[in-house]
Amino acid sequence: MEFLDSWTPLTYERYCNAYHGSYMSFVTTSEGKQIKMKGTIKGINNLYVAGQWTNSPGGLPVAVASGKFAVQRILKKNGKDINI
């Protein structure tokens, strides 16, 4: 086994400016624009993006949902049933 990397809540605070390393990455305000990405990147085939940073407000529930949607996109592309 080889150790590759380690992180803590302070890592998220340092690199992502997440308050106290919060798992919720964005704060929704009435003036703020809602962040939402489609899960693909134009010009790159066979890449599906999922994670806590893809939609606001971010966090674990968003990461789980975006993972589900990525799987559904792959299934749809391959002509499989997408009902999960």
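For the range 31-53, a residue qualifies if it is among the β-branched types (Val, Ile, Thr) and out of contact with any Gly (no Cβ under 7 Å at 6 or more places or on another chain), and the qualifying residues are ILE35, THR40, ILE41, ILE44.
Looking at GLY58, GLY39 in this structure, which one is at pLDDT below 90, under 9 Å from the mean Cα position of the chain (by Cα), assigned to a loop (DSSP other than H, G, I, E, B) and more than 21 Å from TRP7 (Cα to Cα)? Can you show your working first?
Working: GLY58 fails: more than 21 Å from TRP7 (Cα to Cα).
Of the residues listed, the single one that is at pLDDT below 90, under 9 Å from the mean Cα position of the chain (by Cα), assigned to a loop (DSSP other than H, G, I, E, B) and more than 21 Å from TRP7 (Cα to Cα) is GLY39.
Comparison of ILE74, ILE82 shows that the only residue that is surrounded by 10 or more Cβ atoms within 10 Å (Cβ to Cβ) and at pLDDT below 80 is ILE82.
Counting the residues of the range 37-64 that are among the hydrophobic types (A, V, I, L, M, F, W, C) and surrounded by fewer than 11 Cβ atoms within 10 Å (Cβ to Cβ) gives 3. Of all the numbered requirements in (1) modelled with pLDDT under 75; (2) within 25 Å of ASN83 (Cα to Cα); (3) not β-branched (Val, Ile, Thr), PRO9 misses one, and that requirement is (2).
The values are calculated or read from the model by the stated rules, or taken from the named source; none is laboratory data. Computed from a predicted structure; not experimentally measured. Here Cβ is always computed from backbone atoms with ideal geometry, including for glycine, and neighbour counts include all displayed protein chains.
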